[in-house]
Amino acid sequence: MPLLLTETDVKSVLTMPLALEAVEDSFRRLADGAAVSHSRQRLHIPGKGYLNYMAAADAAGGYFGLKLYSASREGMRFLVPLYSAQSGELVALIEADYLGQIRTGAASGVATRVMAREDARNVGIIGTGLQARTQLEAVALVRRLERVRAFSRDPQRRERFADEMTARFGVSVTPVTSPEEAVRGADILITSTTATVPVVEGRWLERGMHINAIGVNIAHKRELDAEAVRRCDLIAADSREQSKLEAGDLIHAFGEDASRWVEVRELADIVSGKVPGRTNRDQITLFKSNGIAIEDIVVAGRIYELARERDMGREVRMWQKETRSGEGRSA
């Protein structure tokens, strides 16, 4: 019987160190052909809401599954149905809001580990929502941070974010009053917004900076202007093909020049060592994160296995065989 795991169950099992390991494994498996990830698709009912879905198979872990989530005026609901690759059996139904927040942070942590300068210490972050928190948590695990500058449009939210993150990570987090203040002097820049127009201008970027652009995965939205993208010496994405569909930052910057997409490297190839990442300390590097299904499925597999070990969750009866009339009765 499949195991139903709630958000509470997931939060009690999933840590950022576990997610960093699992997400790095997911990229290594993509690189060596042991995993396959299909791009996100969206269904829309005009005037109502969206259903988003994407799928992946993890041969090394022994699972395949989907990431499903709805979006409407009432909010969002996330679910990962996880299947055994061996038997085809549905093994788990996992509520996946927190899972998504953590794995998105972990993907940026992995990218930062292989693309940022080793001595990167100062972070600028634009956006102070839930995703910003897991972004900072992951980056703080892969680099020894000294200073963070945080901007969001709401002064109270950025003040609260700064106080909470300073207390949580023991790093000085200072709220600033403009996105430019967050960018200037940063070794690592994180954009975690819902912006429809750029919040980062290319003229603000400094040599040696690494950027994790994670907030936008819809083609008409973008966080970076075209000049910011143009100034990057190395661009990597979690999926080049998915980026062609939804990475507004790159779609707008590249325009009709399809040859530009050849410049975008797969993060999986950098993680596995197939292609180099940063080759000198002056390069400006960019990780464009869309969020891909293989991250969800590898992390979900770890959650499921730990939940089984710890006797967590609730089994759900499904697909029971019906007894035909007369069966099971004595003659």
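When 144, 157, 149 are checked against the criterion of being assigned to a loop (DSSP other than H, G, I, E, B) and either over 17 Å from the mean Cα position of the chain (by Cα) or not hydroxyl-bearing (Ser, Thr, Tyr) (or both), 144 stands alone in meeting it. For first residues located in region 234-259 and over 19 Å from residue 196 (Cα atoms), partners that are small (Gly, Ala, Ser) and in a helix (DSSP H, G or I) and lie 6+ apart or on another chain with Cβ distances below 7 Å form the pairs 236/111; 237/243; 238/107. Search region 82-101 for residues being within 19 Å of residue 193 (Cβ to Cβ) and in contact (Cβ under 8 Å) with a residue 60 or more places away in the chain, and hand back the single one that is farthest from the chain's Cα centre (by Cα). Of everything passing the filter in region 82-101, 97 is farthest from the chain's Cα centre (by Cα). Among the residues of region 25-79, count how many are touching a residue at least 40 places away in the same chain (Cβ under 8 Å), charged (D, E, K, R) and open to solvent by 20 Å² or more (accessible area, probe 1.4 Å). Within region 25-79, residues that are touching a residue at least 40 places away in the same chain (Cβ under 8 Å), charged (D, E, K, R) and open to solvent by 20 Å² or more (accessible area, probe 1.4 Å) number 4.
Can you name the residue in region 278-321 that is out of contact with any Cys (no Cβ under 8 Å at 6 or more places or on another chain) and assigned to a strand (DSSP E or B) and is also surrounded by the fewest Cβ atoms within 10 Å (Cβ to Cβ) among such residues?
Only one residue tops the list, namely 315.
Any idea which residue in region 172-195 is least open to solvent (accessible area, probe 1.4 Å), counting only those that are among the hydroxyl-bearing types (Ser, Thr, Tyr) and over 22 Å from residue 110 (Cβ atoms)? Checking each candidate, the answer is 178. Going through (1) touching a helix residue (DSSP H, G or I) at 6+ places or on another chain (Cβ under 6 Å); (2) part of a strand (DSSP E or B); (3) open to solvent by less than 60 Å² (accessible area, probe 1.4 Å); (4) more than 21 Å from residue 254 (Cα to Cα) one by one, residue 212 falls short only on (4).
The values are calculated or read from the model by the stated rules, or taken from the named source; none is laboratory data. Just so we're clear, the structure is a prediction, and the values are computed from it rather than from any experiment. Don't worry about glycine lacking a Cβ; one is built from the backbone with ideal geometry, like all the others, and counts go over all protein chains shown. The accessibility values were calculated without ligands, DNA or RNA, using every heavy atom of the protein model including side chains. Shrake-Rupley method; radii C 1.70, N 1.55, O 1.52, S 1.80 Å.
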